[in-house]
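Peer 1: I have a structure here, written as structure tokens, and I will follow up with some questions on it.
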Amino acid sequence: MRSRRLEYSESTRHALVDSAVDLFTKRGYAATSLDEVAKRARVTKGALYHHFSGKQALFEAAFDAVESRVMTRLAEIVVGPGDPWERAMNGIQQYIKICLDPSYQRIVIHEAPVVMGWERWREAEDHFSFGLVRASIQALVDGGELADLPVEVTARLLFGALTAGATLIARADDQKKAGAEVSTTIIRMLERLRGNGPQTAVAEVPTHRGRRR
């Protein structure tokens, strides 16, 4: 049986991570102090240092928590029974919605590359996200949706497009419009790779037309 001490220790760690996610989302990494994190979690600063060596370690735990929740939601859509094409399209559309989430935007997209460093951030993104993208492409190839395409290359290109799209959305003045444009563009690119199969209905994105000559 699990000891009460272990349960209390895990409960304390969860409280600290939840507190960090909330404060890093609202204030950003630089403007958040460890004293504030501990106070919001209702633990001592000593308890915080028992679990985390410092502010960056706490940030990385917050990053892991946000990414884990996101990947769990996406895996429920992308992996499992059903038509692989529909699962992949639904997964893309769900990911675009996630890109509008304040915690995902602030912690994963804006803060993580700076706090963790570009290389460490890319490694973490690979760890959490790339496997799901690759599994989706593998299912499409196995199902004959993307025949004659190398899985690793195709997955890397889609992963890059999704990562760039997330950054574009986070920096846009009109994020919902940017999200619709990113979703439509990525789905249409995949449809071109699909060949002559039936196309997926996507929302039309308003465009600005130039003057007639």
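Peer 1: Tell me the label only: which of (i) 41, 36, 32; (ii) 79, 54, 34; (iii) 65, 53, 27 is Cα extents along the principal axes in Å as calculated from this structure?
Peer 2: (iii)
Peer 1: Which whole-number percent gives the relative contact order of the stretch 1-50, counting Cα pairs below 8 Å spaced six or more residues apart?
Peer 2: 39 percent
Peer 1: Per residue, what accessible area does the chain have, given a 1.4 Å probe and all protein chains present, in Å²?
Peer 2: Working: 12470 Å² over 213 residues.
Value for the chain: 59 Å² per residue.
Peer 1: I've got another one for you. Taking Cα pairs under 8 Å and at least six residues apart, what relative contact order does the chain come out at, in percent? Don't skip to the answer; put the middle values down first.
Peer 2: Details: 176 pairs, mean separation 38.9, N = 213.
So the answer I get is 18 percent.
Peer 1: Cα gyration tensor of the stretch 1-67, axes a ≥ b ≥ c as square roots of the eigenvalues: rounded (a/c below 1.5), prolate (a/b > b/c) or oblate? Intermediate values should be presented prior to the final figure.
Peer 2: Numbers: a/c = 2.10, a/b = 1.65, b/c = 1.27.
Prolate shape, in that a/c is at least 1.5 and a/b is the bigger ratio.
Peer 1: Can you check what the net charge comes to around E145, using other residues whose Cβ is under 14 Å from the Cβ of E145 (Lys, Arg +1; Asp, Glu -1)? Present the calculation step by step, with values, prior to reporting the outcome.
Peer 2: Numbers: positive: R87, R192, R194; negative: D83, E86, D142, D148, E191.
Charge balance near E145 sits at -2.
Peer 1: Roughly how big is the chain's charge dipole about its Cα centre, with Cβ charges of +1 (Lys, Arg) and -1 (Asp, Glu), in debye to the nearest 20? Each step should come with its number before you reach the end.
Peer 2: Numbers: 30 positive and 27 negative charges, 165 e Å.
The dipole magnitude comes to about 800 debye.
Peer 1: For the chain: lysine pairs with Cα atoms under 27 Å, gap of 8 or more or different chains, count?
Peer 2: So the count works out to 10.
Peer 1: Please give the calculated 222 nm ellipticity per residue for the chain, where each DSSP H segment of at least 4 residues contributes -39500 (n - 2.57) and the sum is spread over every residue; nearest 500 deg cm²/dmol?
Peer 2: Calculated mean residue ellipticity at 222 nm is -22000 deg cm²/dmol.
Peer 1: Run the accessible area of the chain with a 1.4 Å probe and give the carbon-and-sulfur part as a rounded percent.
Peer 2: Here carbon and sulfur together make up 52 percent of the probe-accessible area.
Peer 1: Report, in order of residue number, the helices in the chain meeting two criteria: a C-alpha extent of 18 Å or more along the helix axis, and a mean Kyte-Doolittle hydropathy of at least 0.5; treat each whole DSSP H run as one helix. Display every interim value, and only then the final one.
Peer 2: Details: long enough: 4-27 (34 Å, -0.75); 55-78 (34 Å, 0.39); 84-98 (21 Å, -0.63); 151-171 (30 Å, 1.17); 175-194 (28 Å, -0.40).
Membrane-span-like by this criterion, though nothing is claimed about a membrane: 151-171.
The values are calculated or read from the model by the stated rules, or taken from the named source; none is laboratory data. These numbers were taken from a predicted model, which means no experiment stands behind them. Because the Cβ atoms are built from the backbone with ideal geometry, glycine has one as well, and the counts that use them run over all protein chains shown. Just the protein is used for accessible areas: all its heavy atoms, side chains included, with ligands, DNA and RNA removed. Shrake-Rupley method; radii C 1.70, N 1.55, O 1.52, S 1.80 Å.
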